[in-house]
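The structure under discussion appears below in the form of C-alpha cells.
The values are calculated or read from the model by the stated rules, or taken from the named source; none is laboratory data. Computed from a predicted model, the values in this text were never measured in an experiment. Positions of Cβ are backbone-derived with ideal geometry, glycine not excepted, and every protein chain shown enters the neighbour counts. Just so you know, the surface numbers come from the protein's heavy atoms only, side chains and all, with ligands and any DNA or RNA stripped out. Shrake-Rupley method; radii C 1.70, N 1.55, O 1.52, S 1.80 Å.
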Amino acid sequence: MTAQGQVDLTASIAGHLPYLRRYARALTGNQTSGDNYAIATLEAVLADPGIVSSHHNHKVALFSVLHTVWAGTGAPVSESSDSRLGAAAQAHLARLTPNSREALLLSTIEGFTVSEVASIIGADEAEASGLIEKAVSEMADSVAGNVMIIEDEAVIAMDLSAIVEEMGHDVTGIARTRTEAVALARREKPDLILADIQLADNSSGVDAVNDILKDFPDLPVIFITAFPERLLTGERPEPAFLINKPYTDEQVRSAVSQAMFFASTDSLVS
C-alpha cells in the first residue's frame, strides 16, 4: 500500500470508528467491554490492513472484522461483578437465534442494507433477512417494563410513547426539562430511560440523566439525538445505546429491546 493509500485508509477508519464503538457497546451492553472489542478490531486491521483496504466498502469490512473477533470469543455479554447475573445473561443469549441480535443491530441501529448485513456476518441475503425478522420477535418477547421519556417536543414524545407501548411496555411519564425528569424518576422508578439531549428550558438531557443515575446507577439509557457526535467522543461515560434523529420505528424498537434485555438480567431464570 502506498503512503497516500495508508493515509486515506486511516482517515476512513477514523470516520467509522465512533459507530463501530457504538455497535460494539450495544452488543455487549457495556462501554468498557464494547471498547475492548473495538480495540481488538483495530489491532487486527493494523496487523493486516488489506482486510479493509481491499474491500470496496471500508465500513462493511471494518464491521466484518469486528464480527469475526466477536464470534471468535463466543459473543459474550459484559461481565458482571455478580457471576450469577453474568451467567443468567449468557443463558438468555443462548436461547436467541445465533447472529439474530447482531443482524438486527446492524440493520436498524447502524443502517446497513440487508446485503451489507449478510456480508458482515458471513451469510446470504435470505438468511440475513430471516435473522432480522427473527430477532425482532425474540427480543420483543424477552422482557417488558416501565419506560420514562425525556423529550421536550410533544409530537416526538407522543410518537416514542406509542412505539414503546405497542411493544408492551408502560410509559411512566414524559419530562420536558431536567427538573421534571429528576422528579418523575423519583416518583416512579423506570426500568429504562429514553432521552433527548436538548430540553425545553435549554437544560441538558445528559445532565438530567446523570442526576437520575445518582439515585439509580444501573438504569439503562437510550439517547435519541440529532447530534450523535456530541456523545461519541471517546470520553467517559458514553451511552451504550444511541439513536440518530430522525429515527425510525424499527431503530427505537431495536434499541429498547436490547436495552431492556440487559436491564432484565438480574431477574432472568436460566
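Worth a mention:
- Considered as a group, the residues in segment 32-52 that are modelled with pLDDT of 90 or more and among the hydroxyl-bearing types (Ser, Thr, Tyr) include one that is least open to solvent (accessible area, probe 1.4 Å), and that residue is 41.
- The residue list 227, 216 contains one member that is over 17 Å from residue 154 (Cα atoms), open to solvent by 70 Å² or more (accessible area, probe 1.4 Å) and not basic (Lys, Arg), which is 227.
- Residue in segment 152-160 that is within 20 Å of the chain's Cα centre (by Cα) and in a loop (DSSP other than H, G, I, E, B) present: no
- Of the listed requirements (1) touching a residue at least 24 places away in the same chain (Cβ under 8 Å); (2) in the same structural domain as residue 254 (by the TED database), residue 119 misses just one: (2).
- Exclusive hit being modelled with pLDDT under 85, polar (S, T, N, Q) and in contact with a Leu (Cβ under 9 Å, 6 or more places away or on another chain), set 137, 142: 142
- Failed condition for residue 148, given (1) in contact with a Pro (Cβ under 6 Å, 6 or more places away or on another chain); (2) at pLDDT below 85: (2)
- If you filter segment 181-206 down to residues that are in contact (Cβ under 8 Å) with a residue 24 or more places away in the chain, more than 23 Å from the chain's Cα centre (by Cα) and open to solvent by 30 Å² or more (accessible area, probe 1.4 Å), you find that the one that is farthest from residue 257 (Cα to Cα) is 201.
- Just one of the numbered conditions (1) surrounded by 16 or more Cβ atoms within 10 Å (Cβ to Cβ); (2) of a type in the set (Gly, Ala, Ser); (3) at pLDDT 85 or above is not true of residue 29: (3).
- Residue 156 vs. criteria assigned by the TED database to the domain that holds residue 223, closer than 19 Å to residue 226 by Cβ and surrounded by fewer than 21 Cβ atoms within 10 Å (Cβ to Cβ): yes
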